[in-house]
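Written below as structure tokens is the structure these notes are about.
The values are calculated or read from the model by the stated rules, or taken from the named source; none is laboratory data. Treat the numbers as computed from the prediction; the structure is a model and nothing was measured. When we count neighbours, we look across all protein chains shown, and the Cβ atoms used for this are built from the backbone with ideal geometry, even at glycine.
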Amino acid sequence: MGNCLAQPVENHPSSVKLSSPPAVLAPTCKKPPSTHTISSSSTKDNIIGELEELEATTTSGKIVTPNLKVFSLAELKSATRNFRPDTMLGEGGFGRVFKGWIDEKTLAPSRVGVGMAVAVKKSNPDSEQGLKEWQAEVKFLGKFSHPNLVKLIGYCCCEEKEFLLVYEHMQKGSLERHLFRSNETLSWDTRLKIVIGAARGLTFLHTTEKQVIYRDFKASNILLDEDYNAKLSDFGLAKLGPINGNSHVSTRVVGTYGYAAPEYVASGHLYVNSDVYGFGVVLLEIITGLRVLDLTRPTGQLDLVDWAKPLLPDKRKPRKMMDSKIQGRYPINAAFQIAQLILQCLDSDPKNRPSMGQVLECFRTMQCHQDEQSRAFQRALATSVRRSSEQ
Ligand SMILES: Nc1ncnc2c1ncn2[C@@H]1O[C@H](COP(=O)(O)OP(=O)(O)OP(=O)(O)O)[C@@H](O)[C@H]1O
Ligand SMILES: [Mg+2]
């Protein structure tokens with residue numbers, strides 16, 4: 001990028017989903033009902049059409065043939081001790097997520113603590129979206145293998161009208177919990193590690209042969225393993241990118257308030273770079289430790305993006321916005337560079353936003369500078385220690 005300076009146990013709905021028509025968004029900041037909105041049969045046909053297209057994608061090394069285990073409901077009941085409430089990891093629009101255990105080799109249910117831990121997502125029987133999101137998840141995630149995408153191990157469908165998905169268990173849960181609902185503080189370096197991991201996952205999706213638009217990039221969909229490696233989850237809203245030289249796809253507006261790009265909310269025109277806007281929002285949440293929308297904040301600060309945008313270009317002001325939990329332990333130059341990157345990602349015109357590849361390049365450059373600076377610091381430190389011992 002030319003002008004890159006660098007160089008819900010989560011039992012609460014973490015965010016509010018968008019629905020068409022978009023007019024219900026913001027002015028009054030009233031929360032609309034939390035719904036997923038792909039509901040018409042024509043949309044269903046679209047999804048199936050898209051999925052068939054994806055099936056036709058030639059294998060390019062990173063896209064793998066699905067090798068998913070088909071679980072029976074009885075097996076998943078056994079793996080989660082009949083979906084016992086104390087095994088619940090969280091709940092979202094699709095339904096509840098439970099922790100279970102399966103044998104690593106046979107994938108048969110096992111006893112607690114034996115074999116490998118899995119997360120079992122169970123559709124809410126009242127959810128109209130269950131089937132469609134389940135289909136999209138199986139078809140997209142079942143095709144991809146990447147270190148920054150959560151691994152789908154298998155699924156179970158159509159028994160007792162339930163749709164279930166079985167994923168690798170991510171020990172540290174979601175970024176949303178760590179940022180907003182935990183006493184633990186994420187260090188600057190850990191925050192950078194997480195955001196770079198998530199950026200890699202998104203870059204991969206955008207650069208697959210058939211571009212994939214993720215459409216639901218947000219802190220609760222970024223899951224963390226025990227070493228804070230980030231993986232994207234939730235492909236229920238993913239969509240194939242534009243074809244035949246088109247710049248965008250036109251589609252119903254779905255996603256999550258606060259993270260969805262303005263052009264998409266306003267017109268239903270979805271660009272690959274609409275995801276970059278969501279990335280900018282998450283990056284802003286990561287450095288400030290604040291939710292994008294929070295009705296408990298003072299007037300003028302309810303919407304983090306509106307509040308932060310005028311402050312980001314000023315070198316002194318981003319410092320005031322930094323998450324106070326970091327207690328000043330971050331490199332000021334890098335923080336300012338990130339503030340500029342956020343501004344670019346949040347540009348109201350998708351064509352002016354960087355691609356995710358360019359975003360990654362910025363982070364790489366930033367890290368190189370940081371490493372150089374830290375090496376220079378270590379050298380200076382070593383010299384000064386040597387001098388003082390010689391005196
Ligand atoms: N693979 C996993 N490993 C560990 N925890 C998980 C896993 N998948 C989901 N969870 C937990 O379950 C919670 C709910 O996830 P889910 O994706 O259903 O909803 P959400 O992302 O919070 O909301 P939305 O429905 O809007 O996407 C997550 O926030 C996370 O804490
Ligand atoms: Mg989710």
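For the range 62-92, how many residues are basic (Lys, Arg), more than 30 Å from Lys210 (Cβ to Cβ) and surrounded by 15 or more Cβ atoms within 10 Å (Cβ to Cβ)?
Adding up the residues that qualify gives 2.
For the range 266-281, what are the residues that are at negative phi and touching a strand residue (DSSP E or B) at 6+ places or on another chain (Cβ under 7 Å)?
The initial filter retains those residues of the range 266-281 that are at negative phi, namely 266-267, 269-281.
Listed by number, the residues that qualify are His269, Leu270, Val272, Ser274, Asp275.
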Would you check if Ile287 is among the β-branched types (Val, Ile, Thr), in a helix (DSSP H, G or I) and over 27 Å from Val253 (Cα atoms)? yes
If a residue must be within 14 Å of ligand 1 (Cβ to nearest atom), among the small types (Gly, Ala, Ser) and more than 16 Å from Pro354 (Cα to Cα), how many such residues does the range 179-200 contain? 1
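Being at pLDDT below 90 and within 27 Å of Leu179 (Cα to Cα) is true for just one of Val254, Val281. Which residue is that? Break it down stepwise before answering.
Working: Val281 fails: at pLDDT below 90.
None of the other options fit; the residue is Val254.
Table: residues versus (1) polar (S, T, N, Q); (2) more than 16 Å from ligand 2 (Cβ to nearest atom); (3) in a loop (DSSP other than H, G, I, E, B); (4) surrounded by 24 or more Cβ atoms within 10 Å (Cβ to Cβ).
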site: Lys193; (1), (2), (3), (4): no, yes, no, no
site: Lys231; (1), (2), (3), (4): no, no, no, no
site: Phe235; (1), (2), (3), (4): no, no, yes, yes
site: Asn244; (1), (2), (3), (4): yes, yes, yes, no
site: Ser247; (1), (2), (3), (4): yes, yes, yes, no
site: Tyr264; (1), (2), (3), (4): no, yes, no, yes
Across the range 105-147, what is the total count of residues that are small (Gly, Ala, Ser), at pLDDT 95 or above and under 28 Å from Arg200 (Cβ atoms)? 2
Considering each residue of the range 102-132, count those that are touching a helix residue (DSSP H, G or I) at 6+ places or on another chain (Cβ under 6 Å) and under 20 Å from Gln171 (Cα atoms), and give that number. 3
Which pairs turn up if I take residues in the range 213-233 that are among the aliphatic types (A, V, I, L, M) and look for partners that are at pLDDT below 95 and away from ligand 2 (no atom under 13 Å from the Cβ) with beta carbon separation below 6 Å, at least 6 apart in sequence or on another chain? Ile213/Lys239; Ile213/Gly241
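Is it the case that Met356 is surrounded by fewer than 20 Cβ atoms within 10 Å (Cβ to Cβ) and of a type outside the set (Gly, Ala, Ser)? Give the steps one after another, and end with the answer.
Details: surrounded by fewer than 20 Cβ atoms within 10 Å (Cβ to Cβ): no; of a type outside the set (Gly, Ala, Ser): yes.
For Met356, the condition - surrounded by fewer than 20 Cβ atoms within 10 Å (Cβ to Cβ) and of a type outside the set (Gly, Ala, Ser) - is not met.
Residues being in a helix (DSSP H, G or I), of a type in the set (A, V, I, L, M) and surrounded by fewer than 20 Cβ atoms within 10 Å (Cβ to Cβ): count how many of those fall in the range 93-138. Don't jump to the end; show me each part of the working.
Kept after step one, since they are in a helix (DSSP H, G or I), are these residues of the range 93-138: 130-138.
Then keep just the ones that are of a type in the set (A, V, I, L, M); that gives 131, 136, 138.
When the remaining residues are screened for being surrounded by fewer than 20 Cβ atoms within 10 Å (Cβ to Cβ), the result is 131.
Counting residues in the range 93-138 that are in a helix (DSSP H, G or I), of a type in the set (A, V, I, L, M) and surrounded by fewer than 20 Cβ atoms within 10 Å (Cβ to Cβ) gives 1.
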Identify the residue in the range 266-275 that is polar (S, T, N, Q) and in a helix (DSSP H, G or I) and, among all such residues, is farthest from the chain's Cα centre (by Cα). Ser267
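Mind listing just one residue for me: the one in the range 106-125 that is under 21 Å from the mean Cα position of the chain (by Cα) and of a type outside the set (Ser, Thr, Tyr) and, of those, nearest to ligand 2 (Cβ to nearest atom)? Even if it seems obvious, please write down each step before you answer.
Quick first cut of the range 106-125, residues under 21 Å from the mean Cα position of the chain (by Cα) only: 118-123.
The next check asks that each one be of a type outside the set (Ser, Thr, Tyr); those that pass are 118-122.
Numbers: Val118: 16, Ala119: 11, Val120: 14, Lys121: 9, Lys122: 14 Å.
By that ranking, first place goes to Lys121.
Here is a list: Cys345, Cys362. Which entry is in contact with a helix residue (DSSP H, G or I) (Cβ under 7 Å, 6 or more places away or on another chain), modelled with pLDDT of 90 or more and closer than 16 Å to Lys218 by Cβ?
Numbers: Cys362 fails: closer than 16 Å to Lys218 by Cβ.
The match here is Cys345.
Residue-by-condition table, conditions (1) in contact with a Leu (Cβ under 7 Å, 6 or more places away or on another chain); (2) among the polar types (S, T, N, Q); (3) over 20 Å from Ala119 (Cβ atoms):
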position: Val195; (1), (2), (3): yes, no, yes
position: Arg200; (1), (2), (3): yes, no, yes
position: His206; (1), (2), (3): no, no, yes
position: Arg215; (1), (2), (3): yes, no, yes
position: Leu223; (1), (2), (3): no, no, no
position: Lys231; (1), (2), (3): yes, no, no
position: Leu237; (1), (2), (3): no, no, no
Going through the range 90-105 in order, the residues found to be of a type in the set (A, V, I, L, M, F, W, C) and either assigned by the TED database to the domain that holds Thr256 or within 11 Å of ligand 2 (Cβ to nearest atom) (or both) are Phe94, Val97
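Checking the conditions here, which among Thr251, Thr256 is in contact with an Asp or Glu (Cβ under 8 Å, 6 or more places away or on another chain), surrounded by 17 or more Cβ atoms within 10 Å (Cβ to Cβ) and closer than 25 Å to Lys17 by Cα? Outline the logic, then answer.
Values: Thr251 fails: in contact with an Asp or Glu (Cβ under 8 Å, 6 or more places away or on another chain).
Selected residue: Thr256, the only one of Thr251, Thr256 that is in contact with an Asp or Glu (Cβ under 8 Å, 6 or more places away or on another chain), surrounded by 17 or more Cβ atoms within 10 Å (Cβ to Cβ) and closer than 25 Å to Lys17 by Cα.
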Residue within the range 149-169 that is of a type in the set (Asp, Glu), within 16 Å of ligand 1 (Cβ to nearest atom) and over 19 Å from Gly280 (Cα atoms) present: yes
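Could you tell me whether Gly289 is on the phi > 0 side of the Ramachandran plot, buried (at least 24 other Cβ atoms within 10 Å of the Cβ) and in the same structural domain as Pro331 (by the TED database)?
When the stated conditions are applied, Gly289 does not pass them.
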